[in-house]
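Here is the structure we will look at.
A short reminder: the numbers here are calculations on the coordinates, not readings from a lab. From a predicted model like this one, the values you see are computed outputs, not experimental measurements. So basically every Cβ, Gly included, is an ideal-geometry build from the backbone, and we count neighbours across all protein chains shown.
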Amino acid sequence: MKLTLIHSHELPAGVLGLAVTPDGHRAFAACADGALLALDVAGGGAEAFEGRHQSFASGCALLPNGRTIISGGYDGMLLWHDVETRRCVRRVQAHPFWNWQLALSPDGNRLATVTGQYLAGGWKYEPAQETEPSVKVYDTLSGDLVAAFPHAPPVLSCAFSPDGQHLAAANMMGEVRVWDLQSRADDKPAAQWTSPDFTSWGTIKTHHYCGGIYGLAFSPDGTSLLGCGMGPMTDPMAGNGKMTWQRWNWQKGERTDQIKDGQHGSGLMEAVAWGPDGKHFVMAGRQAQGTWNAAVFSAADGSLLHSIDTKQRITHARFTADGQRLILSGAIGQPKRTGELWPPWGRLQIYRVEA
């Protein structure tokens, strides 16, 4: 398995959310300047939507009909956009705090959004209780809230199962909860477990918790759940913890595999994506030390198959429906303004996936 770069495009601001059409010809980027962009994947041309977020645009999801895209932002808003006219057709205040991540159900009827702020809840600096349900589900047609689930904030990632019947969400403390959306008995999770391998307690310079599970993805057959983040360290602000993924039998809450020793560097991993055939998956993010920040792993045994260093922060990874292309979004460096102008610091890269 090999990744070969075929296109690389600059964007005005860092990309925090990414959606791609099944054929991979168009992409949509939610950016740090609050804008949502429509992109020609091959040519790189970008068109901005009229509706903007008042803070970072943190995620976006394209409905299966290809006519509507929904974006979320650090302003707590969900915006419905018409793809053809690029106009905002609905605004919903989902949270009083940030939207961390969005997930769309496979049939496109439900949109999950997760939120939460880390505030110390006691002298041990354990997170304070949530002030609103940290996991919410909206009807994509009407914009109505149809479900809300409690979790320990901040909740950083979420994912629907391939059949759309279950929703998983994970937080800063490495706690994963999975709900059955059909029964929803007392809104209690159908499964729940905690992995301490994704959380750090600072003993140098900083005294607080840091880390979390930043990416979640069910396997194509729905039997396992994959999560990624960064392993513990003594100084969380250094950002040099172990690049980490783990795979679980989610129905039992049991870990079945994890990244192998010697196959990782250090840094925060933010994105995981399964190849459509279920034979491999990608993990990507920010590199602090090591030789790569995006890598392909075997689903059979979890071994490293191929890795690349994109020289940028990767926020999302999306395969095309045929599995022949991998699209990565992210940002490069910390921008420095020249006069009144900011340099383009968003990035979109397209890779050919070769066996």
(Q) So if I restrict to the alpha-carbon atoms in segment 6-95, what is the Rg, and what is Dmax, the biggest pairwise distance, in Å? (A) 12.1, 39
Q: Determine the distance separating the Cα centre of segment 293-312 from the Cα centre of segment 187-227; give it in Å without decimals.
A: 20
Q.
Let me confirm the definition first: pairs of Lys residues in segment 2-354, 8 or more apart or on different chains, C-alpha distance under 17 Å. How many are there?
A. 5
Q) For segment 2-354, what is the charge dipole size about the Cα centre, in debye to the nearest 20, if Lys and Arg each add +1 at the Cβ and Asp and Glu each add -1 at the Cβ? A) 580
(Q) Placing +1 on the Cβ of each Lys and Arg and -1 on the Cβ of each Asp and Glu in segment 2-354, which of Ile6, Ala48, Leu36 has its Cα farthest towards the positive end of the resulting dipole? (A) Ile6
(Q) Explain nothing, just the number: relative contact order of the chain, from Cα pairs under 8 Å at least 6 residues apart, as a whole percent. (A) 14
Q) On the first, second and third principal axes, largest extent first, how far apart are the outermost C-alpha atoms of segment 218-284 in Å? A) 38, 24, 20
Q: Can you tell me the relative contact order of segment 57-147? Whole percent, Cα pairs under 8 Å, sequence separation 6 or more.
A: 19
Q: For segment 2-354, take the alpha-carbon Rg, divide it by the Kirkwood Rh, and send me Rg/Rh.
A: 0.94
Q: At most 11 other Cβ atoms within 10 Å and a DSSP loop assignment: could you name the chymotrypsin sites (Phe, Trp or Tyr not before Pro) in segment 105-201 that fit?
A: Trp123
Q: Mind checking which of Ala294, Thr310, Pro162 is farthest towards the positive end of the chain's charge dipole, using Cβ charges of +1 (Lys, Arg) and -1 (Asp, Glu) about the Cα centre?
A: Thr310
